[in-house]
Structures are given as C-alpha cells and as structure tokens.
Amino acid sequence: MNDYFFIITILVVLSAVFGYINVRFLKLPNTIGLMLITIVFTMAVFGISYVDSTLLDAERYIISQIDFKTVLLDVMLSFLLFAGALHTNFQQLKVQRWPVLVFSTFGVLVSTFLVGGSVYLLLQLLGLQVEFIYCLLFGALISPTDPIAVLGILKKAGVPKKLEAKIVGESLFNDGVGVVVFLTIFQIASLGTGEVETFDVFKLFGQEVFGGILLGAGLGWITYRLMKSIDDYDIEVIITLAAVMGGTVIAHKLHLSAPLAMVTAGLIVGNDTVRHSSMSEITETYVDKFWELLDILLNTILFVLIGMEMLVLNFEMSYVIAGLIAIPLILLCRYVSLLLPINLFKKKLDFVPKTNLIMTWGGLRGGISIALALGLTEAMERDLFLVITYVVVVFSILVQGLTVGKLVKKVEVK
C-alpha cells in the first residue's frame, strides 16, 4: 500500500513541477508542454545514468509498478470522458449529431481497415513479417482520436464552434467505439478466425456499444433526478462522482462499454436544459470547477506517464523507421475515412471550409492508443506496435498539436 502512495505522490509532484515550468516558461497548452518536458526529463535521466543510475532505476521502478492499460482504460478514462462530455456544447453537438455518429462509427471502422492494410504492406516492404490480423489490431488502436488531447488544444487554437463540436463530439464517442472494435479484433486474433462466429462478433459489438449508451442514459437520468430533488452543492458534486465510479463498475461487470456510458451520462448531466432545471447557480459552479480540476489533474498525470513510457520501449531501428513512415500513412487513411461522411453532410450542415483537412490534422492520438498497444501480447508483435504507436502519438501531440491553430487561421475564411 505504501508503494502505491509513494508512486502516486511522485507522479503528482512531477506533474506539479512540470506543469509549473510549462505555465511559467514555455506557455504551451498543458498537454503538449507536459509531454515535452517529461520526454526531455527522461532523456536527461538516461544521460545522467551513465554516471549514476539511481534516478533511472527509480523511474524504471515507477513505470514497472503501473499497469498503464488498466489505470487508463479501467480507471482514468471514465473520469476524463465524463468531464469532457460535461463541458461539451450540447446544442452544437445536437445539430452535428449525425456527422458525429457517422465519424465515430463508420469512420473508425474504415480507418481501422485502411490503416491495417497499409501498415501490413509497409511492414512487408521493410522485411518485417507480421500477420494481417495483428496489423488490423494496430489499425483499431490507432484510429480513435483522443478527446483528452484534442479538447485542451482546440480551445487554445480558436477553432470555429461548429467545427469544434464535430471534432470533440467525434473524439468523445470514437474512443468508446474504438476500444470496442479493438477488443472484438483482439478476441478474433486470440481465438483464431475459425473459432469465432460472425454472430458472436456482432453480439459483442452491439452489447458493448448499445448497452454502454443505454447504461449511460440511465445513469444520467438518475443523477438528474437526484440533483433536482435537493439543493446542496456538496452532496450534488458527490452524486456526480458516484455516478461515474458506480457506472464504471457496473459497465465492467456487465461487459458494456464504460467509455460510451460515461460520455452519454456526461452529456445528459451537462445539457443546458438539465443544468438549469436541476442545479442552482452555485451548484453549477461547484460541479464545473470540481470536474475541471479533476480533469486537469488526471490529464497532467497521464501525459507525464506517456512521457515516462519511453523507458519500457524496445527502440530497434527498423521499428522506429516503421513508426516514422506510418505517420503520413495514418494521416492519409484518416483523411480518406472522413471523405464520404463529410461529403454526405456538407450541403445540409454548412461545413467550415477545409473541414476534412482540419479534422485530419486536429484528430490527435494520445494515451488511449498507447494503453491499447500495451495490452497486446508478445505473439501480437507487442514491441513493434508499441514503438510505432509511441512515435505516432508523440508526433501527433507535439507537431500536430502545436500547428493545428496555425492551420485553422490559415484556412479560415475571413
């Protein structure tokens, strides 16, 4: 128990120090600044280890004690998605609901197969013999965009509201869908294609997705009724926290998608109509501030962890080259996967010029992709896909994250 307290303490202290350095000196969006500082810090620790390895051993110990996949997918993700959904503009999302739905389902599936196919060919060209099903698994884990990375950066980039609703809405929902697609393909890869019936695949997918959304709607409604019947901001904040924690446990027990449940619950509780009828002004302020603070705290810890994950990677040259070539391939696959949905809704919904370009460049990858890659087994080429994922995520957050604002300003029609 002491070990866990020690590790959490170290992570919180590092998050505070790196966050301070970023706000005081670098002035970058928190997501980008924290990850950049952590990577530089880890490199410095590597350098110092040639003289004295104490720091490196300590950092390796911390990383070895943390099951990143469980911590992010089973614990942190529910809090982060609820907080993100709570602060999403519901009215804009309602207007954009059809494109968001198609982007986060059809878009993720198309991207999974496009990325899987192109990465399979790339690895063959590089002389790395990897089975196609494992490349598909990689396609599934890299296709969802990360709302945690996207939300903070888009707010600073000054993206038009209707476009922000599309990108954020897609990110919130495609996480849940992406995790379900990954788990479905993972099951097929583990059991072998002959062992899995098509009906089972659809059943698993339907149960996770629709079950998750229904559970979230039920939780959101219960939370709303409870908050409406009292006026005590302390207890109302605790009710929202209980909804997330209790809902996550129920979702895991019933094999439903906890991420989709939390997004749905967050959207219902955060909806303007529900807010005004169930929360007093002071409650609204407290609920918002509590979830903002929790969001920022978990975010900072998450991006410090992503930076430190460098220590567990097996940086073979061929893996790094595969990762670097995969960056433009994945961006191209995302661009193509958005073409049909965007053209489908373009006339009806008055899209911002160059929506596809901004959504491709603004669709950042983050911790979810790394967590899923860490969940691969050795037989699924875990080391190779972990390095490729890490290279893509670091490029996505540091390069795309820093330039998406400039891109928006460039294409915005004044």
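The values are calculated or read from the model by the stated rules, or taken from the named source; none is laboratory data. Keep in mind it's a predicted model, so treat the numbers as computed, not measured. Counting neighbours? That spans all protein chains shown, and the Cβs are built from the backbone with ideal geometry, glycine included. When the accessible area is computed, the model is the full protein with side chains, heavy atoms only, and any ligands, DNA or RNA have been set aside. Shrake-Rupley method; radii C 1.70, N 1.55, O 1.52, S 1.80 Å.
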Which number in (1) assigned to a helix (DSSP H, G or I); (2) open to solvent by 10 Å² or more (accessible area, probe 1.4 Å); (3) farther than 29 Å from Gln187 by Cβ marks the one condition that Gly307 misses? (2)
Is it the case, given these coordinates, that Gln129 is outside any helix (DSSP H, G or I), more than 30 Å from Val274 (Cα to Cα) and polar (S, T, N, Q)? yes
Log entry, pairs with first residue in the range 388-414 being within 16 Å of Ile148 (Cα to Cα), second being small (Gly, Ala, Ser) and outside any helix (DSSP H, G or I), beta carbons closer than 8 Å, six or more apart or on different chains, reads Val393/Gly366; Ser396/Gly366; Ile397/Gly366
Return yes or no: is Thr273 among the polar types (S, T, N, Q), under 30 Å from Tyr224 (Cβ atoms), assigned to a helix (DSSP H, G or I) and open to solvent by less than 20 Å² (accessible area, probe 1.4 Å)? no
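Output the number of residues of the range 47-97 satisfying the condition of being small (Gly, Ala, Ser), surrounded by 13 or more Cβ atoms within 10 Å (Cβ to Cβ) and free of Cβ contacts under 8 Å to residues at least 12 places away in the same chain.
So in the range 47-97, the residues small (Gly, Ala, Ser) come out as 47, 49, 53, 58, 64, 78, 83-85.
Subset that is surrounded by 13 or more Cβ atoms within 10 Å (Cβ to Cβ): 49, 53, 78, 83-85.
Now restrict to residues that are free of Cβ contacts under 8 Å to residues at least 12 places away in the same chain: 49, 53.
Residues flagged as small (Gly, Ala, Ser), surrounded by 13 or more Cβ atoms within 10 Å (Cβ to Cβ) and free of Cβ contacts under 8 Å to residues at least 12 places away in the same chain within the range 47-97 amount to 2.
Is it the case that Phe18 is open to solvent by 50 Å² or more (accessible area, probe 1.4 Å), within 30 Å of Gly405 (Cβ to Cβ) and aromatic (Phe, Trp, Tyr)?
no
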Pick from the range 155-182, criterion of a type in the set (A, V, I, L, M) and closer than 19 Å to Arg97 by Cβ, ranking: modelled with the highest pLDDT: Val177
Open to solvent by 10 Å² or more (accessible area, probe 1.4 Å) and within 20 Å of the chain's Cα centre (by Cα): does that describe Arg365? no
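Matching residues to (1) at pLDDT 90 or above; (2) among the aliphatic types (A, V, I, L, M); (3) open to solvent by 10 Å² or more (accessible area, probe 1.4 Å):
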| position | (1), (2), (3) |
| --- | --- |
| Thr105 | yes, no, yes |
| Ser111 | yes, no, no |
| Ser118 | yes, no, yes |
| Leu128 | yes, yes, yes |
| Ala140 | yes, yes, no |
| Pro147 | no, no, no |
Among the residues of the range 181-197, are any hydrophobic (A, V, I, L, M, F, W, C), in a helix (DSSP H, G or I) and under 17 Å from Gly266 (Cβ atoms)? no
Helices (runs of 4 or more DSSP H) (entirely within the range 63-105) containing at least 1 residues that are among the hydrophobic types (A, V, I, L, M, F, W, C) and under 30 Å from Thr38 (Cα atoms): 77-86
Looking only at the range 150-190, which residues are open to solvent by 40 Å² or more (accessible area, probe 1.4 Å) and among the polar types (S, T, N, Q)? Gln187, Ser190
